[in-house]
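Read the structure below first, then the notes.
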């Protein structure tokens, strides 16, 4: 198992135990949560669906308390072999499932064993049937009933989304750009925790807004978002794991869990964006200033129809909320990648080359860095510090996902090129001679006298 897979498995284990890691749970409540987790199936990074025993979940919880996200990394195993069954057995397993969709993977495994004398693990059959689209959930057509859900307290669950807004003037692109509102809403109070318009969608902008929201309002227990690229990435998963936030993605093609967010988006379109577009938007900065004022003065102070309270009053009624240490926040919002050290003790990153400790040659290491500053890279081996990566060849100082600062505006020259052309045309037309465009270089420029340099 390589370093990348160990890191993915650590993030997967955190996603499994995050609900039970809530510090506000009592012993009895945590036991109920662990039993519920053990009863569910979980999508493993290798593509299979797995169940975990209570003992395994408890062991992962102890490892997380002792070593954080790094304590969930799997240790090297000696038993690397795995059972492989013949294609004929899997075809027969598929036929058994189609014959009776209610048959479990354990029952199919028992039938195959008594028929052929070959023991195929339940997990293997379950994974093969799922990849073939024959899992029991896909074969059931019964309608589902969806109930109402509301968080019991502030910061129990934040809901994040991206709302595509209007076109706004954007000088950086010599035209206009489509404004996109990254938004975070508290599920309990309906508070607009934070929101900001950007000219693009990427993972770093999502992290920038989340950092702002955590600094202002504290740390949520759950971050609920869709499966778009700004939210479904390893960088956001690492951020949540370091801060102890449970990252939950809505099921694809199942909008029932995002009803409140869609209503919030509609309210923003009707009560804010319509007024802003009617007034006339001059820039993205102006739009953000208007939105911050509107959210603080209007949206968060109106009495909500469902809760009967103003969002800011309901949010603040719980008193002080959980805060994070600034050093932990800085670590959480760094990015992490794995690289293999070359034979000349260097590692590549974003087109740059960095020198590392020669003792790491041939090893897979983890690089942690701020995408806004690619000149400072820290190296980790098996979760432990292993020195710094010194820039050897560096052509990019900022990650391509981070918007570069705009270039400084050039001072106007005052040269009227078309006016010079028109003057030359009038002069030549008066004499009837052909226009000599090379003479344009000899014409005096505005603001300069003959003989000036």
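The values are calculated or read from the model by the stated rules, or taken from the named source; none is laboratory data. The shown structure was predicted, so the numbers you read here are calculated from the model rather than taken from an experiment. Cβ atoms come from the backbone with ideal geometry, glycine included; neighbour counts cover every protein chain shown.
Here 389, 359, 423, 429 are screened, and the one residue that is in a strand (DSSP E or B) and modelled with pLDDT of 70 or more is 389. Please work out which residue is modelled with the highest pLDDT, limiting yourself to segment 168-199 and to residues that are within 24 Å of residue 282 (Cβ to Cβ) and out of contact with any strand residue (DSSP E or B) (no Cβ under 7 Å at 6 or more places or on another chain). Among those residues, the one meeting the criterion is 175.
Within segment 56-67, residues that are surrounded by fewer than 14 Cβ atoms within 10 Å (Cβ to Cβ) have Cβ atoms under 9 Å from residues that are in a helix (DSSP H, G or I) and modelled with pLDDT under 90 in these pairs: 62/71; 65/71, counting only partners at least 6 apart in sequence or on another chain.
Looking at segment 112-122, is at least one residue loosely packed, with under 15 Cβ neighbours inside 10 Å, within 36 Å of the chain's Cα centre (by Cα) and touching a residue at least 12 places away in the same chain (Cβ under 8 Å)? Scanning segment 112-122, I find at least one residue that is loosely packed, with under 15 Cβ neighbours inside 10 Å, within 36 Å of the chain's Cα centre (by Cα) and touching a residue at least 12 places away in the same chain (Cβ under 8 Å), so the answer is yes.
If a residue has to be surrounded by fewer than 14 Cβ atoms within 10 Å (Cβ to Cβ) and out of contact with any strand residue (DSSP E or B) (no Cβ under 8 Å at 6 or more places or on another chain) to count, how many in segment 33-44 make the cut?
Within segment 33-44, residues that are surrounded by fewer than 14 Cβ atoms within 10 Å (Cβ to Cβ) and out of contact with any strand residue (DSSP E or B) (no Cβ under 8 Å at 6 or more places or on another chain) number 4.
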